[in-house]
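The values are calculated or read from the model by the stated rules, or taken from the named source; none is laboratory data. Nothing here was measured: the structure is a model prediction, and the numbers come from that model. Cβ coordinates were reconstructed from backbone atoms using ideal geometry, including for glycine residues, and neighbour counts include every protein chain displayed. The protein model used for the area step is the full one, side chains on, heavy atoms only, and it has no ligands, DNA or RNA in it. Shrake-Rupley method; radii C 1.70, N 1.55, O 1.52, S 1.80 Å.
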Amino acid sequence: MQLRCGLEPRTLAALSVVLVVAAVFAVQHSWAGRPQAVRAPEVVEQGATPLPGPVAEPAPSPGAPASADARQSARIVVDVSGKVRRPGVLRLPAGSRVADALEAAGGVTAGTDMTGLNRARVLMDGEQVVVGAPPSVAGAGPPGPTGTGPETGPISLNTATAEQLETLPGVGPVLAQHIIDHRTRSGGFRSVDELREVNGIGDRRFADLQNRVRP
């Protein structure tokens, strides 16, 4: 070939290298472009058992009713005094009645007159229960401001302080505040009958208070 084409040996060697490289490139390109088999996706049969995994428990809906434990955790505070074995401030479940408070205080002492004490009445938070005391003393709260002397007549619903209202039978700190709140909202009491509109005062309690208060 060198004699026929008149090529130098160096040129002939370079040409040989170029031909070899071109041949290798052609073979590689042909191999990369060959058709390849495509694997079909797996089909999950209906009814197949899924792999086990952690199961999340459903969260309670916002409107679900409170559990029994949550209801039992609600407490009220009442003051039981008078002729009971263990007088004092007690914490009772919400919805407790006077009979429950007496039992929690150790029971009534022997010979105590229970007339006028409704043991089936539902208690309110902050209420005072006095056992065996006369009506004028039952439910007595803290004394009024020093120097003013005791109340000698009906208490004015429009000017009485919370401490003065708590001297009324069956009126504790919570009920006294309800009376003051009603007085503020309505602009004052115009008659004693409006006391029925106060939250926590029913017919029986109104009967105990109507002769001891005035507008």
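A few comments on the model shown:
- The set of residues in segment 176-207 being outside any helix (DSSP H, G or I), open to solvent by 50 Å² or more (accessible area, probe 1.4 Å) and over 13 Å from MET124 (Cβ atoms) consists of GLY187, ARG190.
- Residue match in segment 151-168 (condition: modelled with pLDDT under 65 and either surrounded by fewer than 18 Cβ atoms within 10 Å (Cβ to Cβ) or touching a Cys at 6+ places or on another chain (Cβ under 9 Å) (or both)): yes
Quick grid of which residues meet (1) modelled with pLDDT of 55 or more; (2) part of a loop (DSSP other than H, G, I, E, B); (3) surrounded by 12 or more Cβ atoms within 10 Å (Cβ to Cβ); (4) not small (Gly, Ala, Ser):
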| position | (1), (2), (3), (4) |
| --- | --- |
| ALA59 | yes, yes, no, no |
| ALA66 | no, yes, no, no |
| ALA99 | yes, no, yes, no |
| GLY106 | yes, yes, yes, no |
| GLY126 | yes, yes, yes, no |
| PRO134 | yes, yes, no, yes |
| THR146 | no, yes, no, yes |
| GLY149 | no, yes, no, no |
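- Residues in segment 106-125 that are among the aliphatic types (A, V, I, L, M) and closer than 20 Å to PRO173 by Cα were compared, and the one that is farthest from the chain's Cα centre (by Cα) is LEU117.
- Evaluated against (1) modelled with pLDDT of 85 or more; (2) within 18 Å of LEU209 (Cβ to Cβ); (3) outside any strand (DSSP E or B), VAL130 falls short on exactly one condition, (3).
- Hits in segment 6-32 (condition: surrounded by 10 or more Cβ atoms within 10 Å (Cβ to Cβ) and at pLDDT below 65): LEU7
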